Amino acid sequence: MEFGLLVECDRDFDAAIEVSVLAERAGFSSIWLSEHHNAAGYIGSPLVALAAIAARTARVRLGPFVLLMPLHHPLRVAEDGAMVDRISRGRFVLGVGLGYVQQEFAMLGISLKERASRMEEGIQIIPRLWTEERVTFAGRHFTLDGAGIHPRPVQTPRPPIWMGGCTEKALERAARLSDTWVPGP
């Protein structure tokens with residue numbers, strides 16, 4: 001059995017790094033950071049924070065639990081995820097979820113009603129950016145014309161994608177688009 005640790009890092013990031021290092025020494029298999037915006041206990045840029053933790057750890061897998069995918073452009077997620085994978089030498093897991101906090105979507109000018117379709121398009125694009133030289137995609141929310149990323153992730157064919165959710169529809173979406181379903185709290 002493996003155990004992961006969800007680390008809070010909004011108040012004292014040095015302490016969060018130290019907790020992550022100690023968790024690795026104690027045998028935890030993974031470190032996870034949660035994304036929320038304008039909320040105590042959470043951070044808005046978990047991939048940036050994971051890069052810093054990756055530089056101080058050597059074995060634990062690292063990922064967001066979860067990255068609020070509808071709030072991000074898939075090209076940026078692919079680029080930042082590839083960098084975390086490189087810095088960690090292949091230990092990155094992309095954990096994604098829909099999100100549910102209306103205020104977060106409103107702050108970023110994104111309709112909560114579009115969250116499922118935005119996440120689905122994003123998750124169709126990211127693996128392609130990690131594995132293909134050039135990606136062309138025309139969707140409802142995102143359009144790419146010969147886009148590529150550099151550098152690519154270390155993991156082959158790509159980092160795993162885990163999808164969170166706690167409904168039957170979330171489970172169906174995870175089965176169709178991701179490598180693993182992570183049930184909600």
Worksheet entry | Mean residue ellipticity (222 nm) of the chain, computed from DSSP H runs ≥ 4 via -39,500 (n - 2.57), nearest 500 | -12000 deg cm²/dmol
Worksheet item: About its Cα centre, how strong a charge dipole does the stretch 40-90 have in debye, to the nearest 20, once Lys and Arg get +1 and Asp and Glu get -1 at the Cβ?
Response: 240 debye
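Taking only the Cα atoms of the stretch 64-153, how large is their convex hull per residue, in Å³?
87 Å³
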Worksheet entry | Label selected from [x] 1.09; [y] 0.99; [z] 1.25, the criterion being Cα Rg over 2.2 N^0.38 Å as computed here | [y]
Fill in: Stretch in the chain that is longest and holds no GluC sites (Glu not before Pro) that DSSP places in a loop and that have at most 16 other beta carbons within 10 Å
9-131
Response to the item:
If every Lys and Arg gets +1 and every Asp and Glu gets -1 at its Cβ, then about the Cα centre the stretch 1-149 yields a dipole, in debye to the nearest 20, of 240 debye
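We did not get these values from a lab; they are worked out from the coordinates using the rules stated. None of the values given here were measured: they were computed from a predicted structure. Because the Cβ atoms are built from the backbone with ideal geometry, glycine has one as well, and the counts that use them run over all protein chains shown.
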